[in-house]
Amino acid sequence: MADDHPVVRAGLRAVLETEPGLVVMAEAATAEGAVTRVAEGDIDVVLMDL
């Protein structure tokens with residue numbers, strides 16, 4: 001999940017993690033950070049605020 005606002009990321013994490021089987025694997029504050037993390041593997045979906 002990528003968003004430059006920590007409060008938004010925390011809120012989205014809280015909402016998403018109420019869904020069974022859904023796991024937030026990582027968070028990033030920048031697009032560059034998200035791309036770097038995705039390149040490491042094991043990520044299926046990216047939720048990003050551009």
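Helix-only arithmetic for the chain: the sum of -39500 (n - 2.57) across DSSP H runs with n ≥ 4, divided by the residue total, places the mean residue ellipticity at 222 nm at -11500 deg cm²/dmol. Out of every Cα pair in the chain, what percent are spaced more than 19 Å from each other? Looking at the chain, the distances longer than 19 Å represent 21 percent of pairs.
Surface analysis of the chain yields an accessible area of 74 Å² per residue, using protein heavy atoms and a 1.4 Å probe. Quick one: with all protein chains in place, what share of the accessible area of the stretch 3-50 is carbon or sulfur, to the nearest percent (1.4 Å probe)? The computed percentage sits at 62.
The values are calculated or read from the model by the stated rules, or taken from the named source; none is laboratory data. Since this is a predicted model, take the numbers as computed values, not measurements. Heavy atoms of the whole protein, side chains included, go into the accessibility calculation; ligands, DNA and RNA do not. Shrake-Rupley method; radii C 1.70, N 1.55, O 1.52, S 1.80 Å.
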